[in-house]
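Enquirer: This is the structure I have questions about; it appears just below.
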Amino acid sequence: MTGPSPDPGPGPDANGGHGQGKSLKKGVALATLVVLAVLALVVPLPVFVLAPGSAVSVGERVELGRPPDPLSGAFLLTTVRIFQPSVVGVIEAWLSDSQEVLPREDIVPPGVGDAEFEEAQRTLFRESSEVAAAVGLRAAGAAVTIAGSGARVAAVSPGSPADGALQEGDVVTVVDGQPVALASDLVAALGSRDAGEEVTLVVQRAGVELDVTVRLGTVEGIDQPALGVGITTVDLDVTLPFSVEVDQGGIGGPSAGLLIALTVYDLADPVDLAAGRTIAGTGTIELDGEVGEVGGVDAKVVAAREAGATLFLVPLGELALARETAGDDLEVIPVATIDEAIAALRPAA
């Protein structure tokens with residue numbers, strides 16, 4: 001940074017004396033401001049940027065424990081790139097149509113370190129891959145056994161029907177006399193109920209068995225009467241007829257579940273589902289085949305488009321954003337289940 005030299009002023013200061021000290025101090029102050037400005041450009045800030053990542057061929061990462069049916073096309077899982085930006089990075093993200101600036105706590109929970117967060121995301125990928133393999137093989141008609149010991153409450157939404165009745169850590173084992181072994185069993189048991197209907201749950205809480213009655217209601221984002229809780233399967237045990245290995249690489253998170261399941265299905269089933277096409281997409285997968293919503297859909301669409309994909313599969317609730325980003329170059333297909341995804345792709349097979 002340059003600028004006009006300081007005016008030495010009248011009197012003795014013009015010949016040196018105390019005026020030289022004042023100029024020196026001013027120069028030091030100016031240099032400090034310059035250093036601080038440069039640091040502001042390069043030091044990471046307490047925010048994250050979500051940007052388009054890569055589109056990765058799943059078929060190259062999946063290995064079956066038996067000879068596979070060859071893929072004639074490609075299924076691409078799509079990723080987002082998450083990084084801590086400098087001021088320059090924030091400005092660039094603000095000016096970009098495909099990047100988003102978010103507070104750190106929207107990505108990494110408070111009190112969780114970066115290394116811990118990354119390992120948690122890698123664990124989610126491994127668990128999701130296991131579920132996706134089971135879902136894909138089962139859709140292909142293979143004998144898959146899935147067992148569990150109940151549905152554990154992972155979170156209770158404030159103001160939901162379950163708020164005050166269920167607690168985080170509760171394990172639901174029965175609903176209205178019907179056994180619950182898997183999280184999907186609880187979802188299926190509630191699927192035929194009506195809003196306002198009461199259900200009686202048998203719950204294990206801190207080693208004590210309780211009967212809990214909850215009146216079902218509507219929960220935002222869920223298209224059927226619900227409790228308003230997040231659930232996972234306790235002691236999940238998946239037995240496959242042969243092994244399925246998925247090379248994780250540097251990928252984390254559960255959002256590749258749908259594309260892994262479709263790849264496993266195509267490798268195990270005689271039908272050529274890809275049919276020579278480059279099919280990208282995103283979405284989590286549950287044991288019952290339900291496709292769940294993810295984040296960063298717009299960035300993932302950009303990654304898919306840049307990789308030359310012609311189709312993009314997206315969870316139903318994120319259709320609008322995906323189509324807005326895709327434009328006319330990429331066909332976007334909404335799916336709610338693995339069966340819907342297979343049906344949507346089968347006509348070309």
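The values are calculated or read from the model by the stated rules, or taken from the named source; none is laboratory data. Values in this document were obtained by computation on a predicted structure and should not be read as measured data. Every residue, glycine among them, receives a Cβ derived from its backbone with ideal geometry; neighbour counts consider all protein chains shown.
Enquirer: Would you mention how many residues in the range 65-99 are outside any helix (DSSP H, G or I) and of a type in the set (A, V, I, L, M, F, W, C)?
Expert: Qualifying residue count, the range 65-99: 8.
Enquirer: Read through the list (1) surrounded by 14 or more Cβ atoms within 10 Å (Cβ to Cβ); (2) polar (S, T, N, Q); (3) not assigned by TED's automatic domain parsing to the domain that holds L76, then give the number of the only condition that S255 fails.
Expert: The number of the failed condition is (3).
Enquirer: Further question: Take the residues in the range 66-88 that are under 23 Å from P103 (Cα atoms) and more than 25 Å from the chain's Cα centre (by Cα); name whichever of them is surrounded by the most Cβ atoms within 10 Å (Cβ to Cβ).
Expert: The residue in question is V87.
Enquirer: Suppose we filter A320, A307, A336, A343 for residues that are farther than 23 Å from G141 by Cα, without any contact (Cβ under 8 Å) to a residue 60 or more places away in the chain and surrounded by fewer than 21 Cβ atoms within 10 Å (Cβ to Cβ); which single one remains?
Expert: A320
Enquirer: Could we say that V244 is closer than 26 Å to E118 by Cα and either surrounded by 22 or more Cβ atoms within 10 Å (Cβ to Cβ) or without any contact (Cβ under 8 Å) to a residue 12 or more places away in the chain (or both) here?
Expert: yes
Enquirer: Out of the range 113-157, which residues are loosely packed, with under 15 Cβ neighbours inside 10 Å and more than 25 Å from V246 (Cβ to Cβ)?
Expert: Matches in the range 113-157: G113, A155.
Enquirer: Would you mind finding the one in S96, S54 that is more than 30 Å from A261 (Cβ to Cβ), surrounded by 11 or more Cβ atoms within 10 Å (Cβ to Cβ) and at pLDDT 80 or above? Before the answer, list the steps.
Expert: Working: S54 fails: more than 30 Å from A261 (Cβ to Cβ).
Being more than 30 Å from A261 (Cβ to Cβ), surrounded by 11 or more Cβ atoms within 10 Å (Cβ to Cβ) and at pLDDT 80 or above holds for just one of S96, S54, which is S96.
Enquirer: Condition check: farther than 26 Å from G289 by Cβ and either touching a Phe, Trp or Tyr at 6+ places or on another chain (Cβ under 7 Å) or not β-branched (V, I, T) (or both). Does G164 satisfy that?
Expert: For G164, the condition - farther than 26 Å from G289 by Cβ and either touching a Phe, Trp or Tyr at 6+ places or on another chain (Cβ under 7 Å) or not β-branched (V, I, T) (or both) - is met.
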